Amino acid sequence: MRKTAVVTGASSGIGAATARRLAAEGFNVVLAARRRDRLDALVEEIGETVPGAGRLAAVTLDVTSQESVDALAAGLPECHVLVNNAGGALGLEPVAEADPADWQAMYDTNVLGLLRVTKALLPKLIASGDGHVVNITSLAGHVPYEGGAGYNAAKHAAYAVNEVMRLELVAEPVRVTEIAPGLVKTEEFSLVRFRGDAAKAAKPYEGVPEPLVAEDVADCVAWAVTRPSHVNIDRIDVQPRVQAAPYKLHREGS
């Protein structure tokens, strides 16, 4: 029997790579995000290029909207794996110059979005008899860095939720895994953080010979969810070889 996996933030980056990889692993995959046109294109691409892929479905989802999350849950007959990937960063200002609206937006997606989707799908995850919640956080949730306070705070909160869930669900057939990536080069993360400024968005990757790519994180997700059901992978910290901490990178030419 094929298991069903739901991936939030699946229209690009880590979410899209995770959807592709889980389809390749034989899961039925529900791709959920706000941009339906991109989801539909990705479903078509996976269906045409991934041999043996299970059923694929695109669902419009805004994790900041309870109504949208409720609609997702109502339309799902079952769920075995939930990958909470929707989130992101805004700005790199120090605390003294931070815009509270940016912090609110980061909290709404990275923390409250995780809460809404997990709460809505948890009954189905438990009913599956072999559920798994995978929360994509960040090394920023474990190691603070200058300019990252808002994102640090949001991802630390997501980490805390992850840890509490494992305690609360210990008697249930549900595993809980955190995947905390370091520097990952995707097409949109940094561009969104710097509000569309392509020059600023390119700066974090300058001189970095081989940053992680979305497929590296998807590989971690796939490995965690395909372990035997009695094995729980608590947390995977993954960063490029040239990164020692969120604030410590070897850059060529520097």
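The values are calculated or read from the model by the stated rules, or taken from the named source; none is laboratory data. Small disclaimer: the values here were computed from a predicted structure and weren't measured. Glycine gets a Cβ as well: all are built from the backbone with ideal geometry, and neighbour counts include every protein chain shown. Quick note on the areas: whole protein, heavy atoms, side chains included, nothing else; ligands and nucleic acids left out. Shrake-Rupley method; radii C 1.70, N 1.55, O 1.52, S 1.80 Å.
Screening Ser68 on (1) under 19 Å from the mean Cα position of the chain (by Cα); (2) touching a residue at least 12 places away in the same chain (Cβ under 8 Å) shows it passes everything except condition (2). Of all the residues in region 123-142, those that are in contact (Cβ under 8 Å) with a residue 60 or more places away in the chain, open to solvent by 10 Å² or more (accessible area, probe 1.4 Å) and part of a helix (DSSP H, G or I) number 1.
The residues on offer are Gly75, Gly113, Gly54, and the sole one that is at pLDDT 95 or above and within 21 Å of Asp130 (Cα to Cα) is Gly75. Taken over region 40-62, the criterion of being without any contact (Cβ under 8 Å) to a residue 40 or more places away in the chain and touching a Ser or Thr at 6+ places or on another chain (Cβ under 8 Å) is satisfied by Leu42, Thr60, Asp62. Residues Val143, Val117, Val95, Val170: which one is under 16 Å from the mean Cα position of the chain (by Cα) and at negative phi? Answer to the selection: Val117.
Candidates Ala120, Ala154: the one that is surrounded by 15 or more Cβ atoms within 10 Å (Cβ to Cβ), in contact (Cβ under 8 Å) with a residue 12 or more places away in the chain, over 24 Å from Ala74 (Cα atoms) and not polar (S, T, N, Q) is Ala154.
Looking at region 183-192, can you tell me whether even one residue there is touching a helix residue (DSSP H, G or I) at 6+ places or on another chain (Cβ under 8 Å) and either under 16 Å from Val133 (Cα atoms) or of a type in the set (S, T, N, Q) (or both)? Among the residues of region 183-192, at least one is touching a helix residue (DSSP H, G or I) at 6+ places or on another chain (Cβ under 8 Å) and either under 16 Å from Val133 (Cα atoms) or of a type in the set (S, T, N, Q) (or both), which makes the answer yes.
Hey, any hits in region 6-20 for a residue that's without any contact (Cβ under 8 Å) to a residue 60 or more places away in the chain and either out of contact with any strand residue (DSSP E or B) (no Cβ under 8 Å at 6 or more places or on another chain) or over 19 Å from Asn135 (Cα atoms) (or both)?
Narrowing region 6-20 to residues without any contact (Cβ under 8 Å) to a residue 60 or more places away in the chain: 11, 19.
Those still in the list that are either out of contact with any strand residue (DSSP E or B) (no Cβ under 8 Å at 6 or more places or on another chain) or over 19 Å from Asn135 (Cα atoms) (or both) too: none.
No: region 6-20 contains no residue that is without any contact (Cβ under 8 Å) to a residue 60 or more places away in the chain and either out of contact with any strand residue (DSSP E or B) (no Cβ under 8 Å at 6 or more places or on another chain) or over 19 Å from Asn135 (Cα atoms) (or both).
Condition (residue is closer than 27 Å to Gly129 by Cβ, open to solvent by 10 Å² or more (accessible area, probe 1.4 Å) and at pLDDT 95 or above) applied to region 32-42: is it met by at least one residue? No, because not a single residue in region 32-42 is closer than 27 Å to Gly129 by Cβ, open to solvent by 10 Å² or more (accessible area, probe 1.4 Å) and at pLDDT 95 or above. Scanning region 196-213 for residues that are farther than 16 Å from Ala89 by Cα and either without any contact (Cβ under 8 Å) to a residue 12 or more places away in the chain or touching a Ser or Thr at 6+ places or on another chain (Cβ under 6 Å) (or both) yields Ala199, Gly207.
Residue by residue, here is whether (1) open to solvent by 50 Å² or more (accessible area, probe 1.4 Å); (2) under 19 Å from Pro123 (Cβ atoms) holds:
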site	(1), (2)
Met1	yes, no
Thr18	no, no
Ala58	no, no
Glu67	yes, yes
His80	no, yes
Ala96	yes, no
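Among residues of region 230-254 being in contact with a Leu (Cβ under 8 Å, 6 or more places away or on another chain), of a type in the set (A, V, I, L, M, F, W, C) and modelled with pLDDT of 95 or more, the one that is farthest from Ile14 (Cα to Cα) is Val242. Close Cβ contacts (under 6 Å, 6 or more residues apart or on different chains) running from residues in region 163-179 that are over 20 Å from Asn85 (Cβ atoms) to residues that are open to solvent by 20 Å² or more (accessible area, probe 1.4 Å) and of a type outside the set (Ser, Thr, Tyr) comprise Glu172/Ile126; Pro173/Gly129; Pro173/Asp130.
Could you check, for region 180-198, whether at least one of its residues is more than 28 Å from Ala96 (Cβ to Cβ), open to solvent by 70 Å² or more (accessible area, probe 1.4 Å) and in contact with a strand residue (DSSP E or B) (Cβ under 6 Å, 6 or more places away or on another chain)? For region 180-198, residues more than 28 Å from Ala96 (Cβ to Cβ), open to solvent by 70 Å² or more (accessible area, probe 1.4 Å) and in contact with a strand residue (DSSP E or B) (Cβ under 6 Å, 6 or more places away or on another chain): absent. A Cβ distance below 7 Å, combined with a sequence gap of six or more or placement on separate chains, defines the contacts here; from region 243-254, residues that are on the phi > 0 side of the Ramachandran plot reach residues that are surrounded by 12 or more Cβ atoms within 10 Å (Cβ to Cβ) and of a type in the set (Gly, Ala, Ser) in the pairs Gly253/Gly207.
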